Amino acid sequence: SAVISQKPSRDICQRGTSLTIQCQVDSQVTMMFWYRQQPGQSLTLIATANQGSEATYESGFVIDKFPISRPNLTFSTLTVSNMSPEDSSIYLCSVDGTFPTDTQYFGPGTRLTVL
Amino acid sequence: AQTVTQSQPEMSVQEAETVTLSCTYDTSESDYYLFWYKQPPSRQMILVIRQEAYKQQNATENRFSVNFQKAAKSFSLKISDSQLGDAAMYFCAYRRLYGQNFVFGPGTRLSVLP
């Protein structure tokens with residue numbers, strides 16, 4: 001399994017501001033995934049980030065709102081831009097395991113509250 | 001598109017007893033993977049158990065086992081000898097054989113009563 005860390009673990013932000021969430025993995029991985037978990041809800045995939053290429057966004061998520069960077073094989077950032085209270089969620093990053101590769105391992109999540 | 005359903009929003013079990021969480025899914029694929037993840041209040045998503053659809057044998061991991069019924073598209077999780085630390089949200093998830101992303105069910109909140 002992979003060891004994944006996220007920063008910050010939680011934050012409280014004002015409407016209209018932006019927050020960048022960092023995800024660090026202890027091994028090189030091809031793809032990293034970003035999920036949103038709204039209060040009391042399940043996980044929804046925001047985008048898939050490959051190193052060296054543009055992230056692939058799921059329906060309902062756009063790059064202007066959730067820009068993603070993937071500068072190397074162990075690191076990614078997700079920015080939540082121009083925040084509104086509806087963006088209050090837990091944001092999780094995940095990666096595929098090395099064996100088996102079909103299993104995803106998750107970071108501890110970032111709890112975001114927008115006032 | 002694949003969908004995953006968990007019909008029990010909440011369940012409770014007495015400590016040391018056995019509980020079964022239900023999951024059904026919809027897919028037209030013949031090969032895929034199924035998972036149960038646990039999310040305690042700490043938010044960390046933890047893999048509980050994994051099943052390959054092309055294997056008929058039900059997966060087991062210590063006190064956790066699944067009842068995989070491929071024809072019925074059912075994938076239930078049985079927790080034996082429940083412990084207080086088992087209290088969490090449990091998510092059933094589906095992944096295509098060559099797919100990238102998971103489809104998660106809505107979750108079941110499990111409470112363990114002392």
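The values are calculated or read from the model by the stated rules, or taken from the named source; none is laboratory data. Given the structure is predicted, the values throughout are model-derived calculations rather than measurements. Glycine gets a Cβ as well: all are built from the backbone with ideal geometry, and neighbour counts include every protein chain shown. When the accessible area is computed, the model is the full protein with side chains, heavy atoms only, and any ligands, DNA or RNA have been set aside. Shrake-Rupley method; radii C 1.70, N 1.55, O 1.52, S 1.80 Å.
Six or more apart or on different chains, Cβ under 9 Å: which pairs go from a residue in region B:59-84 that's farther than 15 Å from B:C23 by Cα to one that's open to solvent by less than 20 Å² (accessible area, probe 1.4 Å) and part of a loop (DSSP other than H, G, I, E, B)? Could you list them? Pairs found: B:R63/B:S82.
For A:S1, the test of being of a type in the set (G, A, S) and open to solvent by less than 80 Å² (accessible area, probe 1.4 Å) is failed. Within region B:60-105, which residues are of a type outside the set (D, E, K, R), within 14 Å of chain A (Cβ to nearest Cβ) and over 25 Å from A:M31 (Cα atoms)? Hits for region B:60-105 are B:A88, B:M89.
Scanning region B:37-57 for residues that are assigned to a loop (DSSP other than H, G, I, E, B) and open to solvent by 50 Å² or more (accessible area, probe 1.4 Å) yields B:P41, B:S42, B:Q44, B:Y54, B:K55, B:Q56, B:Q57. Of the strands (runs of 3 or more DSSP E) lying entirely inside region A:64-115, those containing at least 3 residues that are of a type outside the set (D, E) and facing chain B (nearest Cβ under 8 Å) span A:89-96, A:104-106. Looking across region B:58-88, the residues that are assigned to a strand (DSSP E or B), surrounded by fewer than 21 Cβ atoms within 10 Å (Cβ to Cβ) and touching a Ser or Thr at 6+ places or on another chain (Cβ under 9 Å) come down to B:F64, B:S65, B:N67, B:F68, B:Q69, B:S74, B:S76, B:K78. When A:R15 is tested against (1) at positive phi; (2) in contact (Cβ under 8 Å) with a residue 24 or more places away in the chain; (3) loosely packed, with under 13 Cβ neighbours inside 10 Å, just one condition goes unmet, and that condition is (1). When only residues in region B:16-29 that are in contact (Cβ under 8 Å) with a residue 24 or more places away in the chain and among the hydroxyl-bearing types (S, T, Y) count, which is farthest from B:I49 (Cα to Cα)? The extreme case among them is B:T27.
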